[in-house]
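J.: Below are the structure tokens for one structure; questions will follow.
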Amino acid sequence: MNIINQSLILLCYVLENSLIVKPTHVLKILLVIEVVADTSLNYDLNVKIPLYAQYQIPESWLLDCNADRLEIFKEAQNNDYRWHLKPHLNEIVTLFAQSDIKIDLGKIFTEF
């Protein structure tokens with residue numbers, strides 16, 4: 001997991017490109033988590049989330065720790081996400097692009 005700045009967390013993995021003689025590594029982002037600041041919710045929701053969909057990031061989350069709220073956007077298509085979910089904070093969610101990864105939201109929100 002790489003933390004880019006205080007408000008953005010990326011879950012990614014490295015792919016090897018087997019078509020090139022010299023091995024190279026390509027980064028594939030599986031999930032972007034936007035941690036909402038007090039004044040950024042509107043911007044994150046209306047600017048950043050559509051931008052992630054435009055770049056075909058399969059899943060994006062808006063995490064608002066102050067309001068104990070999570071919004072999940074899954075399946076990027078046509079510069080938008082097909083699914084917009086608002087799970088309960090005690091649910092276990094599965095990543096769209098990596099179904100073997102499950103995240104227990106109850107454990108995340110008890111830390112805040």
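J.: In a shell of Cβ-Cβ distance under 10 Å around Ser60, excluding Ser60 itself, what net charge do Lys and Arg (+1) and Asp and Glu (-1) give? Spell out each step's value before the answer.
T.: Details: positive: Lys48, Lys74; negative: Glu34, Asp44, Glu59, Glu71.
Here the count lands on -2.
J.: Ok, one more. Using a 10 Å cut-off around each Cβ, can you sort Lys48, Lys28 from fewest to most neighbouring Cβ atoms?
T.: Numbers: Lys48 17, Lys28 12.
Lowest to highest Cβ neighbour count: Lys28, Lys48.
J.: So how far apart, in nm, are the two label points at Arg82 and Asp100 if each is 7 Å from Cα heading toward Cβ?
T.: That separation, rounded to one decimal, is 2.3 nm.
A short reminder: the numbers here are calculations on the coordinates, not readings from a lab. The structure presented is a predicted model; accordingly, all values stated were derived computationally and were not measured. Because the Cβ atoms are built from the backbone with ideal geometry, glycine has one as well, and the counts that use them run over all protein chains shown.
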